[in-house]
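This report refers to the structure that appears directly beneath it.
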């Protein structure tokens, strides 16, 4: 395996760990946006509107928190999948920019009505 392959594997593992952590915290009251980038994890309440900019290896990723929801507004990645994910509003919702190593998830609060509590394979 080449260095790039190891980077992708490490990023996938980090996303899996972060997603598992977010899913485990669904029962918490109140909602927070958890943003993981580089060597830092940031928590912001969904109740406070704000713009957040985090640095990744490709540049800055801009996240907007507004009206109890979060959205990856801009990112320097090529495919912009993190942006097309749309607004994150329920516990367990997440978006990831793997090329820029940024993971955004909603923790606490309530899950969307009718959403499964867990998925098993």
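What follows is calculated from the coordinates using simple rules that are stated; it is not laboratory data. Treat the numbers as computed from the prediction; the structure is a model and nothing was measured. No Cβ is skipped: glycine too gets one built from the backbone with ideal geometry, and neighbour counts run over all protein chains shown.
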Legend entry - Unmet criterion (only one of (1) more than 20 Å from residue 9 (Cβ to Cβ); (2) surrounded by fewer than 16 Cβ atoms within 10 Å (Cβ to Cβ)) for residue 78: (1)
Inset, instruction - For residue 104, work out the one condition from (1) buried (at least 17 other Cβ atoms within 10 Å of the Cβ); (2) out of contact with any helix residue (DSSP H, G or I) (no Cβ under 8 Å at 6 or more places or on another chain) it doesn't fulfil. - result: (2)
Legend entry - Check on residue 96, within 10 Å of the chain's Cα centre (by Cα), surrounded by 16 or more Cβ atoms within 10 Å (Cβ to Cβ), under 23 Å from residue 7 (Cβ atoms) and in contact (Cβ under 8 Å) with a residue 12 or more places away in the chain: yes
